[in-house]
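Please read the structure below before turning to the comments.
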Protein chains: 2
Amino acid sequence: MLIREATTEDWPAIWPFFHRIVAAGETFTYPTELGETEGRDWWLQVAPNRSVVAVGDDGTVLGTAKMNVNHLGNGAHIAGASYMVDPAYAGRGVGRALCTYSIDWARAAGFRAMQFNAVVETNTYAVKLYRSLGFDILGTLPEGFRHPAEGYVGLHIMHRRL
Amino acid sequence: MLIREATTEDWPAIWPFFHRIVAAGETFTYPTELGETEGRDWWLQVAPNRSVVAVGDDGTVLGTAKMNVNHLGNGAHIAGASYMVDPAYAGRGVGRALCTYSIDWARAAGFRAMQFNAVVETNTYAVKLYRSLGFDILGTLPEGFRHPAEGYVGLHIMHRRL
């Protein structure tokens, strides 16, 4: 697996699983009907933010990460990041590789900490992954997310120093 | 005191204290060098978000509030809000009136809760005000804000149900 800069040429490979994940409405606080062009502009970040893809040996896009400044002004030393893994390639460590990559990037870029603003508490796979990579739950917004199957569930704010 | 919709005609009255507060860099996670036009576009929200001003009996703008959707998609039932009071009119209950107004607006608009994403912990006046109006601290981002005088201080995430 290789992690490299995402470009607009990668978008046709990202969009199918991006769309599937966003439309499911179970893990992201994105508009569930987010369109392809708007989604692309949303996900493919420009400097100082970054977007990357994880690709397999044959070049297949397995997953993607977005890394960004989380707060502005005198909070601009706090990074944020989001990850999406193609469900067809789940369980192969793609999410872990992307998260680790983003932590390393943020540290190298001079950020002092990384904060995830809205981790759906029923997304236990992600919560467990982030915890294993050193993130703690700072707090949980009660009933912050209306899960299509579970109803109102909490949104964790997660954090780790870099 | 009257609270009414803010318009672009109000901006020349808002900008001097908005600029003073933002440039001081002590209470907002806004770029401290935010310019007048960008600041206006930042602060004066369009539907479904809103911006209001609190005005005195003679029409003087005493303070202003911005009310917005805080999360998107399946988190869109969470509101956010920000407040600025002209320091020349501090201590007259303007901030309390604006905060109360925004809570009432958010409840009437169908939001289920209000979340403040970044309340600087040294802004004890604001923290006390929000607590008195029913907000709790969900968590604190350690060293989330580089205060120009105090150094790195925490950013509270505050919340109240509506």
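None of the figures in this text is laboratory data; all of them are computed from the coordinates on show. Source: prediction; values computed, not measured. Neighbour counts run over all protein chains shown; Cβ positions are idealised from the backbone, glycine included.
Is it true that B:V153 is within 12 Å of another protein chain (Cβ to nearest Cβ) and in contact with a His (Cβ under 8 Å, 6 or more places away or on another chain)? Let's see the steps before the verdict.
Working: within 12 Å of another protein chain (Cβ to nearest Cβ): yes; in contact with a His (Cβ under 8 Å, 6 or more places away or on another chain): yes.
Yes.
Restricted to segment B:118-146, and to residues that are crowded, with 21+ Cβ neighbours inside 10 Å, of a type outside the set (A, V, I, L, M, F, W, C) and within 14 Å of chain A (Cβ to nearest Cβ), which residue is farthest from B:R161 (Cα to Cα)? The selected residue is B:G144. Within segment A:13-31, residues that are within 9 Å of another protein chain (Cβ to nearest Cβ) sit with their Cβ atoms under 9 Å from residues that are charged (D, E, K, R) and outside any helix (DSSP H, G or I), at 6+ positions apart or across chains, in these pairs: A:V22/A:E33; A:G25/A:R146; A:E26/A:E150.
Between A:S102, A:S82, which is under 12 Å from the mean Cα position of the chain (by Cα) and part of a helix (DSSP H, G or I)?
Working: A:S82 fails: part of a helix (DSSP H, G or I).
Unique residue meeting the criteria: A:S102.
Could you say whether any residue in segment B:81-92 is touching a residue at least 24 places away in the same chain (Cβ under 8 Å) and under 27 Å from A:F28 (Cβ atoms)? Within segment B:81-92, one or more residues are touching a residue at least 24 places away in the same chain (Cβ under 8 Å) and under 27 Å from A:F28 (Cβ atoms). Suppose the filter is in contact with a Phe, Trp or Tyr (Cβ under 7 Å, 6 or more places away or on another chain), more than 8 Å from chain A (Cβ to nearest Cβ) and not in a strand (DSSP E or B); does B:G95 pass it? Against the criterion (in contact with a Phe, Trp or Tyr (Cβ under 7 Å, 6 or more places away or on another chain), more than 8 Å from chain A (Cβ to nearest Cβ) and not in a strand (DSSP E or B)), B:G95 qualifies.
Out of segment A:1-17, which residues are in contact with a strand residue (DSSP E or B) (Cβ under 6 Å, 6 or more places away or on another chain) and crowded, with 19+ Cβ neighbours inside 10 Å? Result: A:I3, A:A6, A:D10, A:I14.
With a requirement of 2 or more residues that are polar (S, T, N, Q), the strands (runs of 3 or more DSSP E) lying completely within segment B:1-74 that satisfy it span B:61-69. Out of segment B:32-62, which residues are within 14 Å of another protein chain (Cβ to nearest Cβ), without any contact (Cβ under 8 Å) to a residue 12 or more places away in the chain and closer than 23 Å to B:A88 by Cα? B:T32, B:E33, B:G35 - these are the residues of segment B:32-62 that are within 14 Å of another protein chain (Cβ to nearest Cβ), without any contact (Cβ under 8 Å) to a residue 12 or more places away in the chain and closer than 23 Å to B:A88 by Cα. Within segment A:103-117, the set of residues being surrounded by fewer than 18 Cβ atoms within 10 Å (Cβ to Cβ) and within 14 Å of another protein chain (Cβ to nearest Cβ) comprises A:G110, A:R112.
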